[in-house]
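Novice: Can you keep this structure in mind? I'll have questions shortly.
The values are calculated or read from the model by the stated rules, or taken from the named source; none is laboratory data. Everything numeric in this text was worked out from a predicted model, so none of it was measured. All Cβ positions, even for glycine, are placed from backbone atoms using ideal geometry, and neighbour counts span all protein chains on display.
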Amino acid sequence: MKKIYLKIIILLLIAFSGRVMAQQDPMYTMYMLDKMLINPAFAGSSSWLVGTLKYRQQFIGFDGNPVTETFNFHTPIQKRHIGLGFKIINDKTGIMNNLNASLFYSYHLNFAGGKLSIGLEGGIYNRTVDYTKLVLTDPADNSLPLTSMSSLVPDASLGIYYQKKQFYIGFSDVHLIKKTFNYKTKNESKSHLYNHMYLLMGKVFDISDKWAFEPSVLVKYEASAPIQADVNALLSFHDRVAVGIQYRSSDAAAALLKINILDNLRVAYSYDMTISGLSKYSGGAHEIILSYGIKLPPPPAEKEIHPRYYY
């Protein structure tokens with residue numbers, strides 16, 4: 001068996017221990033600003049056409065630390081009461097790279113004085129393991145591949161989302177197709193895509209005509225990891241500037257800042273401070289969001305949408 005330098009072993013253990021405590025999917029701190037990434041039913045649920053770029057670095061200070069890049073877009077087709085969208089996620093950790101590309105479809109109907117949305121997501125998930133990046137002490141040993149190897153599997157998710165005035169709640173079941181990654185190697189790992197579940201709930205409270213307060217919680221479940229909860233509080237001023245704090249159970253505490261540069265251009269930044277046993281080694285995490293939206297005129301029958309929450 002090839003011996004890998006201790007630094008590489010520690011790096012991979014840390015990278016995957018972070019995933020075990022949370023989920024196999026990429027970690028996001030500012031989920032409340034980009035809900036479509038965790039629930040396909042959110043696509044097109046407002047009167048905004050929105051495109052969003054997101055960049056995140058986790059476990060700062062380690063070579064090969066998790067880096068996630070995303071782009072997503074969604075829009076309502078108001079006359080048909082549907083939403084359409086897509087997302088591309090590129091997630092890198094050590095020698096592993098995950099690329100997820102999906103299309104979204106959602107249907108919206110009036111229910112109990114609010115809007116009920118049901119969403120479906122379908123696409124592909126490609127996992128690449130680049131063994132050439134390993135630092136080896138015995139290059140002559142052939143127990144590990146010496147090339148980069150990839151495996152492509154289908155992917156699908158389902159979500160439901162309800163919003164009434166300034167309250168929202170949603171549930172999503174992600175990676176419904178439990179497919180095994182097949183690299184066709186002698187020592188096949190038999191790793192597969194795990195099913196994830198997300199429960200999201202929050203409400204916007206108007207403190208005055210200038211100030212609003214939005215608490216929210218996201219509960220994440222994956223069968224091979226403990227249940228984890230993200231509790232968030234966001235305070236906004238004049239729909240222009242917002243500051244927030246977050247606690248992620250057994251993992252991190254975070255602070256975030258959101259600025260609406262224009263009515264349709266938003267930038268946000270968050271910093272996670274690790275509070276788990278990795279705090280001595282990790283420099284935390286940075287996350288940046290850039291969103292651009294175009295407000296579409298709602299049909300006459302549509303209810304007024306709260307600006308603080310829906311974009």
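Novice: Can residue 180 be described as surrounded by 14 or more Cβ atoms within 10 Å (Cβ to Cβ), modelled with pLDDT of 80 or more, more than 18 Å from residue 32 (Cβ to Cβ) and under 26 Å from the mean Cα position of the chain (by Cα)?
Specialist: When the stated conditions are applied, residue 180 does not pass them.
Novice: Applying the selection to segment 245-262, what residues are in contact (Cβ under 8 Å) with a residue 24 or more places away in the chain and on the phi < 0 side of the Ramachandran plot?
Specialist: Correct list: 246, 248, 251, 252, 254, 256, 258.
Novice: Do we have residue 116 as buried (at least 17 other Cβ atoms within 10 Å of the Cβ), under 20 Å from the mean Cα position of the chain (by Cα) and among the aliphatic types (A, V, I, L, M) here? Spell out the reasoning first.
Specialist: Working: buried (at least 17 other Cβ atoms within 10 Å of the Cβ): yes; under 20 Å from the mean Cα position of the chain (by Cα): no; among the aliphatic types (A, V, I, L, M): yes.
When the stated conditions are applied, residue 116 does not pass them.
Novice: Another question, if that's okay. Scanning segment 183-216 for residues that are modelled with pLDDT of 90 or more and among the hydroxyl-bearing types (Ser, Thr, Tyr), which turns out nearest to residue 27 (Cα to Cα)?
Specialist: 198
Novice: Tell me which residues, restricted to segment 34-44, are more than 18 Å from residue 173 (Cβ to Cβ) and either crowded, with 22+ Cβ neighbours inside 10 Å or modelled with pLDDT of 95 or more (or both). Show your work before the answer.
Specialist: Filtering segment 34-44 down to residues more than 18 Å from residue 173 (Cβ to Cβ) leaves 34, 44.
Once the filter is applied, which keeps residues that are more than 18 Å from residue 173 (Cβ to Cβ) and either crowded, with 22+ Cβ neighbours inside 10 Å or modelled with pLDDT of 95 or more (or both), segment 34-44 yields only 44.
Novice: So which residues in segment 198-244 are without any contact (Cβ under 8 Å) to a residue 40 or more places away in the chain, exposed (fewer than 14 other Cβ atoms within 10 Å of the Cβ) and hydroxyl-bearing (Ser, Thr, Tyr)?
Specialist: Passing the criteria: only 208.
Novice: From the residues in segment 58-81 that are closer than 24 Å to residue 39 by Cβ and out of contact with any strand residue (DSSP E or B) (no Cβ under 8 Å at 6 or more places or on another chain), which one is surrounded by the most Cβ atoms within 10 Å (Cβ to Cβ)?
Specialist: 78
Novice: Just checking, does segment 32-43 include any residue being assigned to a strand (DSSP E or B) and within 20 Å of residue 196 (Cβ to Cβ)? Let's see the steps before the verdict.
Specialist: So the first thing to find is which residues in segment 32-43 are assigned to a strand (DSSP E or B), and the list is none.
Scanning segment 32-43, I find no residue that is assigned to a strand (DSSP E or B) and within 20 Å of residue 196 (Cβ to Cβ), so the answer is no.
Novice: What strands (runs of 3 or more DSSP E) completely inside segment 211-264 contain at least 2 residues that are of a type in the set (Asp, Glu)?
Specialist: In segment 211-264, the matching strands (runs of 3 or more DSSP E) lie at 211-222.
Novice: Identify, please: which residue in segment 82-99 is closer than 20 Å to residue 39 by Cβ and crowded, with 18+ Cβ neighbours inside 10 Å and is, among those, nearest to the chain's Cα centre (by Cα)?
Specialist: So in segment 82-99, the residues closer than 20 Å to residue 39 by Cβ come out as 82-89, 91, 98.
Those still in the list that are crowded, with 18+ Cβ neighbours inside 10 Å too: 83, 85, 87, 89, 91, 98.
Working: 83: 19, 85: 15, 87: 11, 89: 9, 91: 11, 98: 13 Å.
Out of the qualifying residues, it is 89.
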